[in-house]
Amino acid sequence: MKHVISAIVQNEPGVLAHVAGMFAARGYNIDSLVVGRTEDENLSRMTIVVVGDDRILEQVRKQLEKLITTVRVRDFKDIDYVERDLLLLRVHAPADKRPEIVALVDLFRGRIVDVSKSSVMIEMAGPEAKLEAFIDLVKPYGIRELARTGVIAMQRGKTNSEKDEK
Amino acid sequence: MRRTRKQSNIRAPQAGWDGTDVLLACLAEENVEVMFGFPGAAILPVLDRLWFHAEGITNQTRRKRLAFSGALSTCYANSTERICGRNDIMSKTKTDAAASLAGTNGAQVFHRMLQAEGVETMFGFPGGAVLPIFDELFESPIQFVLTRHEQGATHMADAYARSTGKVGVVIATSGPGATNIVTGLATANMDSIPMVAFTGQVKSTLIGNDAFQEADVTGVTRPVTKHNFLVRDVKDLGRIVREAFHIARTGRPGPVLVDIPVDCTVAKLDSEPDLEPNLPGYKPRGGIGNERQIRIAADMINAARRPVLYVGGGVILSGAAEELTAVARKGKLPVTTTLLGLGAFDESDPLSLKMLGMHGTAYANHAVQQCDCLVSVGARFDDRVTGDLSKFAPNAKIIHIDIDPSSISKNVEVDVPVVGDAKAILAQMLPMIECPDRSAWLAQIDEWKKKFPLTYKADGDIRPQEVIEKLGELTKHDAIVATGVGQHQMWAAQFYGWKKPRQIITSGGLGTMGFGCPAAIGAQFGNPGKLVVDIDGDGSFTMTMVEVITAVQYNQPAKFIVLDNEYLGMVRQWQELFYGKRYSATPHACPEFTEIAKGFGAGAAKITDRRQVADALNEMIRYDGPFVLHVCVAREENVFPMVAAGKALDDMIHSQLI
């Protein structure tokens, strides 16, 4: 079972080592880990996808909170959130196959960002499941190279009706 | 590339082999002929297989027979003089830590900050990367203790902290100095001991270049510290030192390491530095617990017919022994403690069940298994305490009082968690505790106590248990006792008779052999005038006995009892019980400890007969100065009762009274 956790950490050297080391030492499996800046220059956001049951998720959250450089931890279990993963993919695309591929990219609302004689590079953002479905579909054409950023996530704003209830 | 097999008799790993087979075959393939090492529970299967075949591999224990000369005593005398001389400087140079820091260099900032933190004693070993700090030390009122090995320094600082409640301070140089403190940091980390370690680092510009005596110390120590820092600029140094002490002593305490490049200690501050801690993510849970949770817990305890208090080192760390005793006595609640919890509750109290767990008393283990309400205070359900988790306290509601939220429901699913400081929570809980009639439960416990007392056979050779029991009697159960790790440690836990907190100084979580000798010295530094005794085994003592020289140099009158069975006894016991008496790598040749002790400049005696025990202990206690008592004990004595690893807590092997 995959869980998305987001941690706000101090933007200092060595913080990534603390987080990554904790995961390794406690034997938790990370599916992806993304670090990036936030609106506050002193803080970074780490978005971590972990694999495990609820009990593991709970321990991961507590162990993350225990790290001195971690300011805040949120797990997205039972929370309405938006997740995005960014994909760059270069696929074998000779002239005769290219229209099919372009159509597929359009269907998935991706973009072609580079074209060469025999291949095209595709950029696509979306939830993990969408990217995986796309990858499956282009696999038969021959994937040359693939890079993904890993998942970032953010909680959805409260809808008006929810606000009223509060 | 496939490597060609050099020898035809080496077999490729096959289906059906276990991990040990594969490991040994791989070693053979690599032409390993000799291995050096030290046994322990986690490698017993490998050792056992070595006993059988080993495909040409022989095992030698790491320690060669030692030869010492006694010619060092003159230099000790000289250095002692120098240290005495330094006391004069101390009184003259007391500096005001709050004074301006602008214009001072890093080393001066370092000493000023340490004084501001109330540091009186620090332990360590000098070296190139910390020379500026040591130079400044000459002007500092802080007492510096030069150890013989950095590991010894960490255990001394650790024991100083355990016995006094203050923060232990260690300093070591870069590279090998820093890697030598890793075991000490891990020991303190597992037992939540407040400690701050400073290491020198190569010049900032050389970091990452594999410079002389460089090691990635923050990398190496990250998993064994509560937190660590690398100082990058002299203007951060003061703030980081403050943060380090704050983190070490608050919340669930632990060791913190500060790595300081040598140029940061030389550089001068051109302006006043910002000393305000910047720890937005550090919110230690101290103070009182949630009132509602405490009410629920108290109601649960009051409703219980068969309650047990299960008390760990957290009660000692929080200074909650008095509150705990009050709660236990008011509710007539039986109390069992972990190894680190010993002394939190007076063992002569009728409510005491003594220690629980693998080598706990049978009555404590039965009580935990039969109880209907288990109240854990400052303990963390370690596997040596619980045995088989799935069969642990099967009928009990579990209340867990702990300062560390990540301890809650980590090993055992908890019914009522209460997060906060044990002292505050127990004080909040005390007025809510009632004392319903539990005479049936207490009678049941008395019956267990009568049926399964801690016992040993007192005849023939000297029995280690009887030495410890006698020591308890002669010292009125009032000494500070350090231990190594192994059988002697368990016997000490079982037979000394603990009365007060901070009385036992022992490595629980990590189980660090070699802890006892330096620990006794560190505790002696923190408790001048008190009797401090190291109850040690021959294996543990041999690992770090060189620190006796430190005790001699600083005239610290710690005592060392070496219970010598010429075996690595605990491992041998496992081999006897579970590996068909194949004593692979556990026979342990010992030197004449008395000769070594005398060579070091300490007093010494050796006994081999039961009738000598009381007199020898008295001689040791009365001796003015450090003293090593070498006791040759029954060689194959075992620690009982014993819960084999992975068995349920009440599935015990009892003393085999032959």
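The values are calculated or read from the model by the stated rules, or taken from the named source; none is laboratory data. Keep in mind the model is a prediction, meaning the values are calculated, not measured. FYI the Cβ positions are ideal-geometry reconstructions off the backbone, even for glycines, and counts take in every protein chain you see. Accessible surface areas use protein heavy atoms only, side chains included; no ligands, DNA or RNA. Shrake-Rupley method; radii C 1.70, N 1.55, O 1.52, S 1.80 Å.
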Which value, in Å² rounded to 10, gives the accessible area of A:LYS66 with a 1.4 Å probe and all protein chains present? 80 Å²
Mean 1/r over distinct Cα pairs of the protein assembly as shown, inverted to a Kirkwood Rh in Å, yields 29.8 Å
Quick one: order B:TRP17, B:TRP448 from most to least accessible surface, probe 1.4 Å. B:TRP17, B:TRP448
What fraction, in whole percent, of alpha-carbon pairs in the stretch B:211-263 exceed 13 Å separation? 59 percent
Kirkwood-type radius of chain B, with distances r between different C-alpha atoms, in Å: 26.4 Å
Report the per residue volume, in Å³, of the convex hull enclosing the C-alpha atoms of the stretch B:291-451. 94 Å³
Assigning unit charges at the beta carbon (Lys, Arg +1; Asp, Glu -1) and nothing else, what dipole magnitude in debye, to the nearest 20, does the stretch A:82-153 show about its Cα centre? 200 debye
For residues of A:63-75, the mean tally of beta carbons on other chains within 10 Å: 4
Distance between modelled label sites at B:ILE296 and B:ASN278, nm, 7 Å Cα→Cβ extension: 4.0 nm
In degrees between 0 and 90, to the nearest 10, how far off the longest principal axis of chain A does helix A:128-138 point, with axes built from Cα atoms? 20 degrees
Note on chain B, DSSP bridge orientation, antiparallel percent to nearest 5 equals 5 percent
For chain B, what is the relative contact order in percent, using Cα pairs closer than 8 Å and at least 6 residues apart in sequence? 14 percent
Counting Lys and Arg as +1 and Asp and Glu as -1 over every other residue whose Cβ sits under 13 Å from the Cβ of B:PHE381, the net charge comes to -3
Selection from B:VAL643, B:HIS630, B:ALA602, by position along the positive dipole direction of the protein assembly as shown (Cβ): B:VAL643
Under the rule of -39500 (n - 2.57) per DSSP H run of 4 or more residues, summed and divided by the residues of chain A, what mean residue ellipticity at 222 nm is obtained, to the nearest 500 deg cm²/dmol? -9500 deg cm²/dmol
Chains B and A: buried accessible surface, both sides, probe 1.4 Å, rounded to 100 Å²? 1500 Å²
What angle, in degrees between 0 and 90 and rounded to the nearest 10, separates the Cα long axis of helix A:98-107 from the longest principal axis of the Cα atoms of chain A? 40 degrees
Give the average, rounded to an integer, of partner chain Cβ atoms located within 10 angstrom of each Cβ in B:272-279. 1
Could you tell me which of B:LEU230, B:THR187, A:VAL50 has its Cα farthest along the dipole of the protein assembly as shown towards the positive end, charges placed at Cβ (Lys, Arg +1; Asp, Glu -1), taken about the Cα centre? A:VAL50
Grab the beta carbon distance between B:ILE142 and A:ASP78, set R0 = 51 Å, and tell me the FRET efficiency rounded to 0.05. 0.45
Test assert for the stretch B:395-426: residues whose accessible surface shrinks by at least 40 Å² between chain alone and all chains, 1.4 Å probe, equal B:SER406, B:LYS410
Which parts of the stretch B:365-403 would a label at B:GLU413 reach, counting a residue when its backbone N lies under 15 Å from a point 7 Å out along Cα-to-Cβ? B:389-399
Could you work out, residue by residue across A:13-21, how many beta carbons of other chains sit within 10 Å of that residue's beta carbon, and then give the average as an integer? 3
With a 1.4 Å probe and all protein chains left in place, how much accessible area per residue does the protein assembly as shown have, in Å²? 43 Å²
Dipole magnitude of the protein assembly as shown about its Cα centre (Cβ charges: Lys, Arg +1; Asp, Glu -1), debye to nearest 20: 640 debye
Per the helix-only model, chain B has a calculated mean residue ellipticity at 222 nm (DSSP H runs of ≥4, -39500 (n - 2.57) each, divided over all residues, rounded to the nearest 500) of -11000 deg cm²/dmol
Taking 7 Å along the Cα-to-C-beta vector as the label spot, tell me the B:LYS330-B:ASN31 distance in nanometres, rounded to one decimal. 7.3 nm
Which value, in debye to the nearest 20, describes the size of the charge dipole of chain B about its Cα centre when Lys and Arg Cβ atoms bear +1, Asp and Glu Cβ atoms bear -1, and nothing else is charged? 660 debye
Could you tell me which residue out of B:GLY251, B:CYS371, B:ALA344 lies farthest along the dipole of chain B toward its positive end? Charges go on the beta carbon: Lys and Arg +1, Asp and Glu -1, centred on the Cα centre. B:CYS371
FRET E, pair A:GLU41, B:ARG635, Förster distance 60 Å, beta-carbon r, rounded to 0.05: 0.35
Ranking B:ARG249, B:ARG239, B:ARG305 from most to least accessible area with a 1.4 Å probe gives B:ARG305, B:ARG249, B:ARG239
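Jot down the per residue volume, in cubic angstrom and as a whole number, of the convex hull over the alpha-carbon atoms of the stretch B:583-658.
Spelled out: Cα convex hull of the stretch B:583-658, divided by residues, is 171 Å³.
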To make sure I understand the rule: partners must be lysines, Cα under 20 Å from the Cα of B:LYS470, and not fewer than 8 residues away in the same chain. Which ones qualify? B:LYS354, B:LYS457, B:LYS499, B:LYS500, B:LYS530, B:LYS559, B:LYS606
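By average Cβ neighbour count within 10 Å, what is the ranking of B:219-229, B:335-345 from highest down?
My ranking of the peptides, most packed first, is B:335-345, B:219-229.
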Can you pull the accessible area of B:GLU592 for me, 1.4 Å probe, Å² to the nearest 10? 80 Å²
Would you please put B:451-461, B:190-200 in order of how densely packed they are, using the mean number of other Cβ atoms within 10 angstrom per residue and starting with the highest? B:190-200, B:451-461
Rounded to the nearest 10 Å², what accessible area does B:CYS517 have for a 1.4 Å probe in the complete protein model? 0 Å²
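With r as the distance between the Cβ atoms of B:ALA443 and B:LYS500 and R0 = 22 Å, compute the FRET efficiency 1/(1 + (r/R0)^6) and round to 0.05. Can you show the working numbers first?
Details: r = 29 Å, r/R0 = 1.31.
My answer for the efficiency is 0.15.
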Only bridges whose two residues both fall in the protein assembly as shown count here: according to DSSP, what percent of them are antiparallel, nearest 5? 40 percent
With a 1.4 Å probe and all protein chains in place, put B:ASP346, A:ASP85 in order of accessible area, largest first. B:ASP346, A:ASP85
